[in-house]
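Novice: What follows is a single structure, and I will ask about it in a moment.
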Amino acid sequence: MPNLALTGTEVRQGNANGATLPASTANTVLWTSDLVGCVAVCGYNGQIAFMIHSDATGNGGIGRTDLITGLRNLVAGIGTGTGFTLTLIGGSVPGVTEYLRKAGNLPDATINNGGEADGAYITWNGKVATTKAKLATELGVESVTIS
């Protein structure tokens with residue numbers, strides 16, 4: 001199995017600092033680290049992948065933007081989450097899951113618990129992992145490098 005070189009974009013902490021990848025941008029990845037106490041919200045709907053490194057669901061975190069506003073500003077048309085799969089990775093996954101399932105937020109999204117981890121990755125095609133080694137397994141390659 002070969003090595004796969006990916007072009008990466010680091011997602012900084014804060015609900016207003018998210019990033020997106022169109023599904024047409026092959027060999028690209030969003031990544032974040034230092035999730036202790038934070039949650040990476042990784043989403044995909046077949047057309048777009050996105051990530052927010054959330055430090056608070058309310059507006060008390062970095063950027064003073066609540067999570068649902070950050071998601072709606074980042075992903076036009078996310079609505080109630082219909083057609084989106086979200087994977088949450090990090091410290092407070094159950095609390096963020098409950099927040100996102102509330103009426104008025106994203107009750108129709110499929111939400112997966114990605115577990116506690118220090119880092120998160122999501123690719124152009126919606127593959128989510130907590131380490132580069134796990135990402136390589138998801139992509140069916142021996143290893144992954146990110147530049």
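Readers should treat all values here as calculations from the given coordinates under stated rules, not as data from a laboratory. What you are looking at is a predicted structure, and each value in this text was computed from that prediction instead of being measured. Cβ atoms come from the backbone with ideal geometry, glycine included; neighbour counts cover every protein chain shown.
Novice: Sorted by mean Cβ packing within 10 Å, highest first, what order do the peptides 103-110, 49-56 take? Could the numbers behind the result be given before it?
Specialist: Numbers: 103-110: 15.0, 49-56: 25.5.
Sorting 103-110, 49-56 by mean packing, highest first, produces 49-56, 103-110.
Novice: I need to check one value: relative contact order of the range 61-147, counting alpha carbon pairs closer than 8 Å and at least 6 residues apart, in percent. All intermediate terms of the calculation are to be shown ahead of the outcome.
Specialist: Details: 108 pairs, mean separation 18.8, N = 87.
Taking the mean separation of contacting Cα pairs over the length of the range 61-147, I get 22 percent.
Novice: Find how much the distance from ILE62 to ASN113 grows on full extension, using 0.36 nm per residue of separation minus their present alpha carbon separation; answer in nm with one decimal.
Specialist: Working: separation 51, 0.36 × 51 = 18.36 nm, distance 2.35 nm.
Fully extending the segment from ILE62 to ASN113 adds 16.0 nm.
Novice: What's the Kirkwood radius of the range 3-141 in Å, using all Cα pairs?
Specialist: On the way: mean 1/r = 0.0689 Å⁻¹.
It works out to 14.5 Å.
Novice: Same structure, new question: Return the percentage of antiparallel bridges among DSSP beta bridges fully within the chain, rounded to the nearest 5 %. Could the numbers behind the result be given before it?
Specialist: On the way: 22 of 36 bridges.
About 60 percent, rounded to the nearest 5.
Novice: Sorted by average packing, counted as other Cβ atoms within 10 angstrom per residue and highest first, what order do 12-23, 34-45 take?
Specialist: Details: 12-23: 18.5, 34-45: 22.2.
By packing density, highest mean first, the sequence is 34-45, 12-23.
Novice: Between the alpha-carbon centers of the range 127-147 and the range 1-78, tell me the distance in whole angstrom.
Specialist: Their Cα centres are 17 Å away from one another.
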